[in-house]
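Some notes on the structure that comes next.
The values are calculated or read from the model by the stated rules, or taken from the named source; none is laboratory data. Just so it is clear, the structure is predicted and the values come from calculations on it, not from any experiment. Here the Cβ positions follow ideal geometry from the backbone for every residue, glycine too, while neighbour counts run over all protein chains shown. To get the accessible areas, we keep the full protein, side chains included, count just its heavy atoms, and leave off ligands, DNA and RNA. Shrake-Rupley method; radii C 1.70, N 1.55, O 1.52, S 1.80 Å.
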Amino acid sequence: MLIDDRLRAALNWDPGNAPPPGPDLLDSIAGRATRRRRVRVAVIGMTAAVAAAVIAVGGPWTMSRSERGGEPVRPPNQSSWTPQSIGATPIDQHWVSSNGRESRADRLAALDGTGLQQYGPEIYAGYIANTTTDLQFGSGDVDLSTSVVGSGTKGLGLGDHKASLHGTYTVRGHTVQMRLEEVAGTTTFRWRLVDDQGSQRLELTFVSTTSRTLYAAPAEVFFRLWSVRPFYLWG
Amino acid sequence: METPEEFTWLFRREYTAVVWSANLVLHDYARSEEIAQDAFVRLLENWRKVSRYDRPGGWVRRVALRLAVRAAKRQSRLVSLDEAWPNAKEDKRPFDLDLLAAIRQLPPRQRAAVALHYVEDLPVNEVADVLGCSVSTASVHLHRARGKLAELLKEEVGSNAD
């Protein structure tokens, strides 16, 4: 017997004949989804409160510095609050990139001064141009994919992927560090949540990467080009 | 969070199949149930978007299999075959336990490739998409998995066309 036939016979299975799960399980899943949503809302509220506090403390400090003629002043204490202390982070959401108006030149400008400009056009053409990004943070796992705009649905219902990266992440203060399965090393971004006319906007700024090569170019090239555009909550 | 009627229908129809797929990767029934539930929690959170897709069931399986692959990489040991497939003896399906035991010997990515290709019936390019690797790498995973399984089960590899 061919192994292919044996695999198909044994594994291909119609779930329609399976006994359905009990109602308790559905209630449990709905409850967990509700709790996760509440935690996220609470965390976003706390982030806003901390940001307001930092502005309140930092504003007078900035003035005092100028009044002293620019002499060094000890910076205000950093907030000791860390988002992970309550089990979720403010960026634990499903984000999609904006339909931004950034031109090719705007994107490639992200490489100015890095010495990596020579790699920009190829990575831009292969993985960035005419794409939208899905970015999901949750439970320590991150999924990042770029899909061709307007490629519609196919197969699993998702668009034609250009880049598809998956891994884990850690949030410390206002940095997020990703460790992706497809490329060894860690990549760090600064993150910022902005209230944009009532909707949340996530901005990522590339900080550093220890990954060497991604898509046949220094990994920094893709991450810098990719993070130019801000992200909005889906839906 | 209110549970949409369509979500309830999908959950009742697909949950057992999602556990089955995840378990082909993990070979740990209890952990596979947890992963299936995690995947449905994510589905419910993203329901407004995913419900517009052609196959929301494909989305939840894809999430579950990704979670399963990650969990499999962290597995320090496999549970016993009885714990992995507790329903094998009572289930109406004809379980091929020899085959399942052979699949247990494959690395996680090969197990996932087998699950995606033979359970989900995905072509190799979509297997690659879910695994987050190139099409050629996914083909290699499948090719090696078939070769190893054929060797273990003393079957023929044949000339498979993906």
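Points to keep in mind about this one:
- Among the residues of the range B:46-89, the ones that are in a helix (DSSP H, G or I), in contact (Cβ under 8 Å) with a residue 24 or more places away in the chain and either buried (at least 20 other Cβ atoms within 10 Å of the Cβ) or within 11 Å of chain A (Cβ to nearest Cβ) (or both) come to 18 in all.
- Qualifying residue in the range B:25-33 (condition: of a type in the set (A, V, I, L, M), open to solvent by 10 Å² or more (accessible area, probe 1.4 Å) and either within 9 Å of chain A (Cβ to nearest Cβ) or free of Cβ contacts under 8 Å to residues at least 60 places away in the same chain (or both)): yes
- Residue list for the range B:109-160, filter: polar (S, T, N, Q) and either at the interface with chain A (Cβ under 8 Å from one of its Cβ atoms) or open to solvent by 50 Å² or more (accessible area, probe 1.4 Å) (or both): B:N125, B:S134, B:S136, B:T137, B:S159, B:N160
- Scanning the range B:34-44 for residues that are open to solvent by less than 30 Å² (accessible area, probe 1.4 Å) and either at the interface with chain A (Cβ under 10 Å from one of its Cβ atoms) or on the phi > 0 side of the Ramachandran plot (or both) returns B:A36, B:A39, B:F40, B:V41, B:R42, B:L43, B:L44.
- Count - residues of the range A:118-138 that are open to solvent by 60 Å² or more (accessible area, probe 1.4 Å) and at pLDDT 85 or above: 4
- When A:D92, A:D106, A:D160, A:D141 are checked against the criterion of being closer than 14 Å to A:R224 by Cα and either surrounded by fewer than 19 Cβ atoms within 10 Å (Cβ to Cβ) or modelled with pLDDT of 85 or more (or both), A:D106 stands alone in meeting it.
- Out of A:L26, A:L2, one residue alone is more than 22 Å from B:V19 (Cβ to Cβ), facing another protein chain (nearest Cβ under 9 Å) and modelled with pLDDT of 70 or more. It is A:L2.
- Residues that are surrounded by fewer than 17 Cβ atoms within 10 Å (Cβ to Cβ) and in contact with a Gly (Cβ under 6 Å, 6 or more places away or on another chain) within the range A:200-218 comprise just one, A:T210.
- Selection within the range B:2-11 - surrounded by fewer than 18 Cβ atoms within 10 Å (Cβ to Cβ), at the interface with another protein chain (Cβ under 9 Å from one of its Cβ atoms) and part of a helix (DSSP H, G or I): B:T8
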